[in-house]
Amino acid sequence: MVKNDVKVLGAWPSPYVMRPRIALNIKSVNYEFLEETFGSKSELLLQSNPVHKKIPVLIHGDKPICESMIIVEYIDEVWTSGPSILPSDPYDRAIQRFWAAYVDEKWFAAMKGLRSAQGEERKAFLDQVTEGLALLEEAFGKCSKGKAFFGGDRIGLLDIAFGSFLGWLKVTEKLNGVKLLDEAKTPGLVKWAERFCADAAVKSVMPETEKLLEFSKVLAAKMKGAPPPKN
Ligand SMILES: N[C@@H](CCC(=O)N[C@@H](CS)C(=O)NCC(=O)O)C(=O)O
């Protein structure tokens, strides 16, 4: 595989962009990382993802593929010689996809809500995030079947979907002065998060918390007065 055959359009702080990068690392596929400039969209991005105009986009040869979890599944289907990301059992696959959708649509949406909420609204978002983590702790017990990851012995689809938010989870903890992943309430997830971040496929793409914290402050300053982001 020549290096330029695979490109990822993205930005380092984006949890969604981490997903295809982790999947490509798992499959030992070399890729070119084309970083978008914060606050603007390149011509290549607009051409490659004209519907959503969002990162990440995987460009394989001359074919663009959009939406992070669709990209992860594409990578798993194309590079079959590397370790599998999706479980072989259809029921296990369905369960991982179910929780991956929950993480994006419900859980992370609540964590994002915390950014600008105050008072009662803030408390409601915090409760939703905490309740979501309790559900994910239970799901971890069932999916991992006592092993290291949601995917068993190795990182799988749901590990990638949820794990990509760990950097922002730590930033949220710091900004709100709360402990969300907690030894007492979510012991399985605490250990899982350590293992996930230490994994060779993840380490090089997981941003340092302090760097992400600085970026989140810049982002918050830019958002002030601007209309809320669509996603
Ligand atoms: N559902 C999309 C979400 C991607 C997404 O929200 N990307 C953000 C960066 S973290 C983006 O490109 N935002 C630019 C915009 O909304 O215009 C996916 O999973 O790929």
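Overview of results
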{"item": "Matching entry among F125, F140, F165 (being closer than 26 Å to R21 by Cα and touching a Gly at 6+ places or on another chain (Cβ under 8 Å))", "result": "F140"}
{"item": "Subset of the range 55-75 that is farther than 15 Å from K27 by Cα and more than 9 Å from the ligand (Cβ to nearest atom) - its residue that is surrounded by the fewest Cβ atoms within 10 Å (Cβ to Cβ)", "result": "D62"}
{"item": "Test: residue in the range 61-74 that is under 26 Å from F150 (Cβ atoms) and over 15 Å from the mean Cα position of the chain (by Cα)", "result": "yes"}
{"item": "Total residues in the range 166-187, condition in contact with a helix residue (DSSP H, G or I) (Cβ under 8 Å, 6 or more places away or on another chain) and not in a helix (DSSP H, G or I)", "result": "8"}
{"item": "Subset of the range 144-165 (residues that are in a helix (DSSP H, G or I) and either in the same structural domain as P13 (by TED's automatic domain parsing) or surrounded by fewer than 22 Cβ atoms within 10 Å (Cβ to Cβ) (or both))", "result": "S144"}
{"item": "Residue in the range 81-104 that is closer than 30 Å to L219 by Cα, touching a Pro at 6+ places or on another chain (Cβ under 8 Å) and not aliphatic (A, V, I, L, M) present", "result": "no"}
{"item": "Wholly within the range 40-106, helices (runs of 4 or more DSSP H) carrying at least 2 residues that are modelled with pLDDT of 95 or more and touching a strand residue (DSSP E or B) at 6+ places or on another chain (Cβ under 8 Å)", "result": "43-48, 68-78"}
{"item": "Single residue of W79, W107, W99 found to be under 21 Å from S28 (Cα atoms), surrounded by 15 or more Cβ atoms within 10 Å (Cβ to Cβ) and touching a helix residue (DSSP H, G or I) at 6+ places or on another chain (Cβ under 9 Å)", "result": "W79"}
{"item": "Any hit, the range 24-32, residues being within 13 Å of the ligand (Cβ to nearest atom), under 18 Å from the mean Cα position of the chain (by Cα) and either surrounded by 13 or more Cβ atoms within 10 Å (Cβ to Cβ) or within 21 Å of P83 (Cα to Cα) (or both)", "result": "no"}
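Conditions (1) closer than 24 Å to G82 by Cα; (2) under 18 Å from the mean Cα position of the chain (by Cα), marked per residue:
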site	(1), (2)
Q118	no, no
F125	no, no
V129	no, yes
E138	no, no
G141	no, no
D159	yes, yes
L169	no, yes
T172	no, yes
D182	no, no
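The values are calculated or read from the model by the stated rules, or taken from the named source; none is laboratory data. Everything numeric in this text was worked out from a predicted model, so none of it was measured. Here Cβ is always computed from backbone atoms with ideal geometry, including for glycine, and neighbour counts include all displayed protein chains.
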